[in-house]
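Input: a single structure, listed below in structure tokens.
The values are calculated or read from the model by the stated rules, or taken from the named source; none is laboratory data. Here the structure is a predicted model, which is why all the values come from computation and not from measurement. We place every Cβ from the backbone using ideal geometry, glycine too, and count neighbours over all the protein chains shown. The area values use the complete protein model at the heavy-atom level, side chains included, leaving out ligands, DNA and RNA. Shrake-Rupley method; radii C 1.70, N 1.55, O 1.52, S 1.80 Å.
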Amino acid sequence: VGVDVWTPGEASLVKAMTSRRAGATASYAAAATVSGTAYLYTLVDGTLRRDSLSAETAYTASATPATEPVIGAGRVLVGSTAGILSGTMTGSALGSLWSSSTGTLVRPWWVKSRIIAARDANLFDLTGAGGNLDTTTPLWTHPSSTWSWTAVAESPSAILAAGTDGATSAIFKFTLVTPPSGSTPILGPAIEI
């Protein structure tokens, strides 16, 4: 009801907010600080925007962004039906990083210094170098063809991926395996937890 009661011994009014996009149908946000400036990256009605206290910039895109923005590897990533789009943190354009020709939504996450992406029942372990998702072998494919990945997060020694097929849901763990060459750890097989 507009009152902050969470500071012990104090009650104060919550600061008022105004909507910049009244009537928007869908909204996602991610935040980052770049060279000392705080930015809020929002996706509203298919347009990615970067907001600071002093300015707002709309990104132009090679395809319509459709998932929450993800901050990783010094850039902003967003999923679309054409693949994964990428732009610089202070730029104004999104280009194709990972292309996909299936017309199915690709949803990226940034965990453990890598891009984990979902398309249908497939999970992909991707690099920031980009490429073609159609010719990339999935990290793992769920046995249910109607499976949808809903979240990916990291733990100290693994990557966790959650999903559902509408009737059941589960979380799978992919442990980090040290490669023999000493480079970036690879991900082990899926283990339901």
Considering only region 58-82, state which residues are assigned to a strand (DSSP E or B), under 17 Å from Leu126 (Cα atoms) and out of contact with any Asp or Glu (no Cβ under 9 Å at 6 or more places or on another chain). Val70, Ile71, Gly72, Arg75, Val76, Leu77, Ser80
Filter region 146-168 for residues that are loosely packed, with under 15 Cβ neighbours inside 10 Å, touching a strand residue (DSSP E or B) at 6+ places or on another chain (Cβ under 7 Å) and either among the charged types (D, E, K, R) or on the phi > 0 side of the Ramachandran plot (or both) and give the result. none
Give me the pairs: first residue in region 71-90 and within 12 Å of Arg107 (Cβ to Cβ), second residue aromatic (Phe, Trp, Tyr), beta-carbon distance under 8 Å, and six or more apart or on different chains, which are they? Leu77/Trp110; Gly83/Trp98; Ile84/Trp98
When only residues in region 1-27 that are open to solvent by less than 100 Å² (accessible area, probe 1.4 Å) and more than 30 Å from the chain's Cα centre (by Cα) count, which is modelled with the lowest pLDDT? Gly2
Unique residue being among the polar types (S, T, N, Q) and touching a residue at least 24 places away in the same chain (Cβ under 8 Å) when the list is Thr127, Thr102: Thr102
Check on Ile171, out of contact with any Gly (no Cβ under 6 Å at 6 or more places or on another chain), open to solvent by 60 Å² or more (accessible area, probe 1.4 Å) and either at pLDDT 95 or above or assigned to a strand (DSSP E or B) (or both): yes
Go through region 38-57 and count every residue that is more than 14 Å from Ser86 (Cα to Cα) and open to solvent by 30 Å² or more (accessible area, probe 1.4 Å). 9
Just to check your reading of the model, which residue among Pro179, Pro138, Pro143 is surrounded by 12 or more Cβ atoms within 10 Å (Cβ to Cβ) and in a loop (DSSP other than H, G, I, E, B)? Pro138
Per the filter on region 104-119, residues closer than 21 Å to Gly46 by Cβ and either β-branched (Val, Ile, Thr) or open to solvent by 50 Å² or more (accessible area, probe 1.4 Å) (or both) are Thr104, Leu105, Val106, Arg107
Those residues of region 28-37 which are modelled with pLDDT of 90 or more, within 21 Å of Ala58 (Cβ to Cβ) and open to solvent by 70 Å² or more (accessible area, probe 1.4 Å) amount to Ala31, Thr33, Ser35
